[in-house]
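The values are calculated or read from the model by the stated rules, or taken from the named source; none is laboratory data. All of these numbers come straight from a predicted model, not from anything done at the bench. Cβ coordinates were reconstructed from backbone atoms using ideal geometry, including for glycine residues, and neighbour counts include every protein chain displayed.
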Amino acid sequence: MMIGKFPLTRMRRNRSSTAIRRLVAENTFSIDDLIWPVFIMEGTGIETEISSMVGIKRVSIDRLPSYVEPAVQLGLPALALFPVTPKKNRNPEGSEAFNSENLICRAARTLKQYFPDILLMGDIALDPYTDHGHDGIIHNKIIVNDKTIEILIKQSLTQVQAGIDVLAPSDMMDGRIGAIRQALDQAGQDRILIMSYAAKYASAYYGPFRDALETGELLVGDKKTYQMDPANRGEALLEVEMDIQEGADSVIIKPGLPYLDIVRSVRDRFEIPIISYQVSGEYSMLMNAIHQGYLKKDQTILETLLCFKRAGANAIITYFALEAAKLLSQR
């Protein structure tokens, strides 16, 4: 490879103005790349801020259309729905997951009524519905893989019937993508997308999310027997490959910034859409630093999200989505 030499080559020339920087930028991101997570809860007239996630709220279904409308007006393409299930509706099997009148189903029907073109992602896992906070059924202190998948299939079909467009299995049970895909096909729902959490790590960065769903205090033990070891990279490639073979349309890598090397590795290996999830702990750290005046808000948000694109992500699930969309619309 030929490399220029100073002084004939001056690298700063391509940085000398806004216009030239725009022309030679290797990566860009836009509103089209953003997915906004939304927390929904029971009740009426509720928009309550989550103490560990400044600026993020839990919203009751009657307030959902007005809460979401600014995102729709800005052109955000997708929402990821997460239900705050009341404790009275939780049990060891998480059977509320396939109740057609559960929070996520009612929210999906409401949103589709007001915004029929918005893409709705439904989380497929049992932790919002179990009384022990795990993503699967427990038997003799072990998370039971295959029995859990049976419930995940019921959950998936229930969400699709309610209007969910994209199923996002986040449970990390082995074989669940193939089982869900087969069930969808048999039900005549072959057009439904599966956005698999293919590489979801057992991370310390999920704390504020569990606070938002009110599952943190319920969780018995940890999730290390099914979520991935943060020490492993090659295992992520195997997980992604298996999910592709089982019928995943795209893959999610979670968490975000601390795992951009995984995004890059998957991008170099596979031609499949990659979504990176900038998780609650990342959001809270940045927002706390912003509120303390240590970081400039607008620049920090845009720079951080651009990093995901540079690493190879096609889209980003981020709690900054609405704020980023506002900033991008002003450019």
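Numbers below:
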| read-out | value |
| --- | --- |
| Long-range neighbours under 7 Å by Cβ, at least six apart or interchain, first residue of a type in the set (Gly, Ala, Ser) within the stretch 302-323, second in a helix (DSSP H, G or I) | Ala311/Leu260; Ala311/Val263; Ala311/Arg264; Gly312/Val263; Gly312/Arg264; Gly312/Arg267; Ala313/Val263; Ala315/Asp33 |
| Residue match in the stretch 163-174 (condition: over 18 Å from Ser100 (Cα atoms) and either out of contact with any strand residue (DSSP E or B) (no Cβ under 9 Å at 6 or more places or on another chain) or modelled with pLDDT under 95 (or both)) | yes |
| In the stretch 166-190, the residues that are in contact with a helix residue (DSSP H, G or I) (Cβ under 9 Å, 6 or more places away or on another chain) and more than 22 Å from Val279 (Cβ to Cβ) | Asp174, Gly175, Gly178, Ala179, Ile180, Arg181, Gln182, Ala183, Leu184, Ala187, Gln189, Asp190 |
| In the stretch 1-37, the residues that are over 21 Å from Asn314 (Cα atoms), surrounded by 10 or more Cβ atoms within 10 Å (Cβ to Cβ) and either under 27 Å from the mean Cα position of the chain (by Cα) or of a type in the set (A, V, I, L, M, F, W, C) (or both) | Ile20 |
| Considering residues of the stretch 40-52 that are buried (at least 20 other Cβ atoms within 10 Å of the Cβ) and in contact with a helix residue (DSSP H, G or I) (Cβ under 6 Å, 6 or more places away or on another chain) only, the residue nearest to Thr304 (Cα to Cα) | Ile50 |
| Residues of the stretch 48-83 that turn out to be among the acidic types (Asp, Glu) and touching a Lys or Arg at 6+ places or on another chain (Cβ under 6 Å), as a count | 1 |
| Out of Met228, Met285, Met242, sole residue that is within 26 Å of Tyr67 (Cα to Cα) and among the hydrophobic types (A, V, I, L, M, F, W, C) | Met285 |
| Candidates Gly4, Gly43 - the one that is small (Gly, Ala, Ser), closer than 30 Å to Met121 by Cα and either part of a loop (DSSP other than H, G, I, E, B) or in contact with a His (Cβ under 8 Å, 6 or more places away or on another chain) (or both) | Gly43 |
| Single condition Ser66 does not satisfy, out of (1) surrounded by fewer than 19 Cβ atoms within 10 Å (Cβ to Cβ); (2) within 20 Å of the chain's Cα centre (by Cα); (3) modelled with pLDDT of 95 or more; (4) not in a loop (DSSP other than H, G, I, E, B) | (2) |
| Residue within the stretch 288-295 that is of a type in the set (Ser, Thr, Tyr) and under 29 Å from Val68 (Cα atoms) present | no |
| Val59 vs. criteria over 25 Å from Ile194 (Cβ atoms) and buried (at least 17 other Cβ atoms within 10 Å of the Cβ) | yes |
| Criterion: closer than 16 Å to Gln245 by Cα and out of contact with any Cys (no Cβ under 7 Å at 6 or more places or on another chain) - qualifying residue of Ala212, Ala199 | Ala199 |
| Filter pass, Ile31 being farther than 23 Å from Asp131 by Cβ and either aromatic (Phe, Trp, Tyr) or in contact (Cβ under 8 Å) with a residue 40 or more places away in the chain (or both) | yes |
| Selection count, the stretch 143-198, where residues are part of a loop (DSSP other than H, G, I, E, B) and in contact with a Phe, Trp or Tyr (Cβ under 6 Å, 6 or more places away or on another chain) | 2 |
| Extreme residue, modelled with the lowest pLDDT, among residues of the stretch 87-133 that are buried (at least 18 other Cβ atoms within 10 Å of the Cβ), out of contact with any helix residue (DSSP H, G or I) (no Cβ under 8 Å at 6 or more places or on another chain) and outside any loop (DSSP other than H, G, I, E, B) | Thr130 |
| Those residues of the stretch 20-56 which are of a type in the set (D, E, K, R) and either at pLDDT 95 or above or over 29 Å from Pro273 (Cα atoms) (or both), in sequence order | Asp32, Asp33, Glu42, Glu47, Glu49 |
| In the stretch 309-331, the residues that are over 10 Å from Asp33 (Cβ atoms) and of a type outside the set (A, V, I, L, M) | Arg310, Gly312, Tyr319, Phe320, Glu323, Lys326, Ser329, Gln330, Arg331 |
| Some residue of the stretch 233-254 being of a type in the set (S, T, N, Q), at pLDDT 95 or above, closer than 30 Å to Ser51 by Cβ and under 15 Å from the mean Cα position of the chain (by Cα) | no |
